[in-house]
1. Looking at (1) surrounded by 15 or more Cβ atoms within 10 Å (Cβ to Cβ); (2) under 25 Å from residue 241 (Cβ atoms); (3) at pLDDT 70 or above, which one does residue 326 not meet, given that it meets all the others?
2. When the residues of the stretch 144-176 are filtered to those that are among the β-branched types (Val, Ile, Thr) and at pLDDT 70 or above, which remaining residue is surrounded by the fewest Cβ atoms within 10 Å (Cβ to Cβ)?
3. If you go through the stretch 267-287 one residue at a time, do you hit one that is crowded, with 17+ Cβ neighbours inside 10 Å, at pLDDT 85 or above and within 17 Å of residue 238 (Cα to Cα)?
4. Quickly run through the stretch 251-266 and pick out the residues that are surrounded by fewer than 21 Cβ atoms within 10 Å (Cβ to Cβ) and closer than 15 Å to residue 215 by Cα.
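The values are calculated or read from the model by the stated rules, or taken from the named source; none is laboratory data. Nothing here was measured: the structure is a model prediction, and the numbers come from that model. Reconstructed Cβ throughout: ideal geometry from the backbone, glycine too, with neighbour counts over all protein chains shown.
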Amino acid sequence: MKTPVFSDDMLLNRVLLLAALAIVMMGIHLAASILSIILLSLFLAIVLEPVVALLCRTRLPRSLVVVLLGGVLLMLLVYVLLRMVAALPELNQMSLQMRSLLTRQLAVGMAPLQELGLTLSPEAAMSLIDPGQFLGLITRMLSHVSSFFSSALVVFLTVIFMLIEVPVLVEKIQRLFRAESSGMKAVRRGIDSVTQYLMLKTLMSVLNGVAIWVLLTILQVKFAFIWAVLAFLLNFIPVLGSILAAVPPIIQAFAFNGMSTGMAALAAFLIINLILGWIVDPYLCGRKLNIATSVVLISLLVWQGLLGLIGILLAVPLTMTLKLIVEQVDGGARWARLLEGGKEN
């Protein structure tokens, strides 16, 4: 077997390529505050465009439809933020009481195990973790709601103008690419895949949030609405999102509602994740994804380092877009295959 020989020019080209990649990544990181708003606005516009197109069939002007839809979404956003701010003092107080209450519940639950010879005490078990940190993290996030609202308002206005100008943008693209080349067809197929993935993922996130809200309300777990909103947002994070969303409400249910309610909440999250996360979601969204799970996890780390929290939420569509771009570069198709899963969904 012959050992591949790299000429000086090939080696130089690879070094220059790596240097250019490092410069681009540094530029993305430095401009993260601006790029995050632009990318989030773009993907929100992609998700809302089919809704606008459907409402435009009522013969209403597009600008009026966009403004009405934007007004509804703005009122919904204000309502969600007000609910979260109103719950902030009580949530902060609960986070301070969490440790002692959970220790008491563990003492009751571990009593039968101690009779069987288990030497681990509830205090020793609680020394390994601090459950109050989970609620404390949510509390700290809600305390920055004013800065979040200002950023959300900028995103909202950007999305409104993007949706209004969609027909003009489509017309410009059609003028720019009059010839229907194979490359343009591939780009359109890729854009359609990203669009359909975002729409389906948003639908699954809504269903996930509503199901958690209903079940936690039935179990009389406090802040069911907040945990439902958290589940909706974190569901956009593949693999880890649904797990992270389940931790705070389950711990709260164990600590404040008792062992039986905690077990019921745990069972509820397992059922929801089993049906939506492991059956329905992979069946609907997996067909549009076709990216290896290891690549998804690595992309979470990379985009988080570059764009922060927005990078985590948009890691999958950004990776899909990057894969699409690489496929259109000469010789890039083989590199794009490295991102694909072991089998085609």
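1. It is condition (2) that residue 326 fails.
2. To start, the set of residues in the stretch 144-176 that are among the β-branched types (Val, Ile, Thr) comprises 145, 154-155, 158-160, 164, 166, 168, 170, 173.
With at pLDDT 70 or above added as a condition, the list becomes 154-155, 158-160, 164, 166, 168.
Details: 154: 13, 155: 17, 158: 17, 159: 23, 160: 21, 164: 17, 166: 17, 168: 9.
Once the filter is applied, the top-ranked residue is 168.
3. Checked the stretch 267-287: at least one residue is crowded, with 17+ Cβ neighbours inside 10 Å, at pLDDT 85 or above and within 17 Å of residue 238 (Cα to Cα).
4. 257, 260, 261, 263, 264, 266, listed by residue number.
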